[in-house]
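Visitor: What follows is a single structure, and I will ask about it in a moment.
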Amino acid sequence: MAGRPPPPVYEAETAGVKIRVQPRFMHDESRPASGEYVWSYTVEIENGSQRTWTLTMRHWDIIDSHGRRQLVDGEGVVGQTPTLEPGKSFRYSSGAPLAAPSGMMGGMYTLVGEDGEEMHVRIPTFSLDSPYERSRPS
């Protein structure tokens, strides 16, 4: 909608691999009267290292403003296990529903090098804010 500032971008870097996340509250998908709040988020993974990495696993830690916690683990992202050569990036979008008007997400990806070495890359913790939250932590 017009007049809204663009959503913030959160960034973290681990050993030359940058993760950028931009969450967005989904007004059309949310049903506040029913306690259903939905966000989309776009993730960009940029390989600034000198090695080729394949994203094999994801781990998300999601906490809503009522203190409920969800841990989500799985293979790859959005049904893919992208391989990132040096200088390349991969971008995808996904979504997160909550039963509260705000929350936070963060986590890590497991990347595997061509030699089988594993590396855990931090996903920055990002805020899921909706216009329906009356009080936000400062």
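Visitor: Can we say SER89 is closer than 27 Å to ARG31 by Cα, at pLDDT 95 or above and surrounded by 13 or more Cβ atoms within 10 Å (Cβ to Cβ)?
Guide: Values: closer than 27 Å to ARG31 by Cα: no; at pLDDT 95 or above: yes; surrounded by 13 or more Cβ atoms within 10 Å (Cβ to Cβ): yes.
No, not satisfied.
Visitor: I'm told GLY35 meets every condition in (1) out of contact with any Ser or Thr (no Cβ under 7 Å at 6 or more places or on another chain); (2) of a type outside the set (Val, Ile, Thr); (3) at pLDDT 95 or above except one. Can you identify the failing condition by its number?
Guide: Of the numbered conditions (1) out of contact with any Ser or Thr (no Cβ under 7 Å at 6 or more places or on another chain); (2) of a type outside the set (Val, Ile, Thr); (3) at pLDDT 95 or above, the odd one out for GLY35 is (3).
Visitor: For the range 38-55, give me each residue that is in contact (Cβ under 8 Å) with a residue 40 or more places away in the chain, of a type in the set (S, T, N, Q) and surrounded by fewer than 16 Cβ atoms within 10 Å (Cβ to Cβ). Outline the logic, then answer.
Guide: Of all residues in the range 38-55, those in contact (Cβ under 8 Å) with a residue 40 or more places away in the chain come to 38-47, 51-55.
With the extra rule that they be of a type in the set (S, T, N, Q), the set shrinks to 40, 42, 47, 52, 54.
Within the range 38-55, SER40, THR42, THR54 qualify.
Visitor: Same structure again: Is one or more of the residues making up the range 26-37 without any contact (Cβ under 8 Å) to a residue 40 or more places away in the chain, part of a strand (DSSP E or B), within 18 Å of PRO124 (Cα to Cα) and not aliphatic (A, V, I, L, M)?
Guide: So far as the range 26-37 goes, no, none of its residues is without any contact (Cβ under 8 Å) to a residue 40 or more places away in the chain, part of a strand (DSSP E or B), within 18 Å of PRO124 (Cα to Cα) and not aliphatic (A, V, I, L, M).
Visitor: Please determine, by comparing only the residues of the range 92-103 that are among the hydrophobic types (A, V, I, L, M, F, W, C) and within 15 Å of the chain's Cα centre (by Cα), which one is surrounded by the most Cβ atoms within 10 Å (Cβ to Cβ). Break it down stepwise before answering.
Guide: Let us first name the residues in the range 92-103 that are among the hydrophobic types (A, V, I, L, M, F, W, C), namely 96, 98-100.
Narrowing the set further to residues that are within 15 Å of the chain's Cα centre (by Cα) leaves 96, 98.
On the way: ALA96: 19, LEU98: 23.
The qualifying residue surrounded by the most Cβ atoms within 10 Å (Cβ to Cβ) is LEU98.
Visitor: Checking the condition free of Cβ contacts under 8 Å to residues at least 40 places away in the same chain, part of a loop (DSSP other than H, G, I, E, B) and loosely packed, with under 15 Cβ neighbours inside 10 Å, which residue from ASP115, ASP73 passes? Don't jump to the end; show me each part of the working.
Guide: Working: ASP73 fails: part of a loop (DSSP other than H, G, I, E, B).
Answer to the check: ASP115.
Visitor: Would you check which residues across the range 76-101 are free of Cβ contacts under 8 Å to residues at least 40 places away in the same chain and closer than 18 Å to THR125 by Cβ and list them?
Guide: Residue satisfying the conditions is VAL77 alone.
Quick grid of which residues meet (1) hydroxyl-bearing (Ser, Thr, Tyr); (2) closer than 30 Å to PRO5 by Cβ:
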{"residue": "GLY16", "(1), (2)": "no, no"}
{"residue": "MET26", "(1), (2)": "no, yes"}
{"residue": "VAL43", "(1), (2)": "no, yes"}
{"residue": "THR54", "(1), (2)": "yes, no"}
{"residue": "VAL72", "(1), (2)": "no, yes"}
{"residue": "VAL77", "(1), (2)": "no, yes"}
{"residue": "PRO82", "(1), (2)": "no, no"}
{"residue": "ARG91", "(1), (2)": "no, yes"}
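Visitor: Here is a follow-up. Taking the options ASP73, ASP64, name whichever one is among the acidic types (Asp, Glu), at pLDDT 95 or above and under 18 Å from PHE126 (Cβ atoms).
Guide: Details: ASP73 fails: under 18 Å from PHE126 (Cβ atoms).
Among ASP73, ASP64, only ASP64 is among the acidic types (Asp, Glu), at pLDDT 95 or above and under 18 Å from PHE126 (Cβ atoms).
Visitor: Still on this structure, I have one more. Just checking, which of VAL21, VAL78, VAL43, VAL17 is on the phi > 0 side of the Ramachandran plot and among the aliphatic types (A, V, I, L, M)? Give the derivation first.
Guide: On the way: VAL21 fails: on the phi > 0 side of the Ramachandran plot; VAL43 fails: on the phi > 0 side of the Ramachandran plot; VAL17 fails: on the phi > 0 side of the Ramachandran plot.
Answer to the check: VAL78.
The values are calculated or read from the model by the stated rules, or taken from the named source; none is laboratory data. Note that the structure is a prediction, hence the values are computed from the model and not measured. Neighbour counts run over all protein chains shown; Cβ positions are idealised from the backbone, glycine included.
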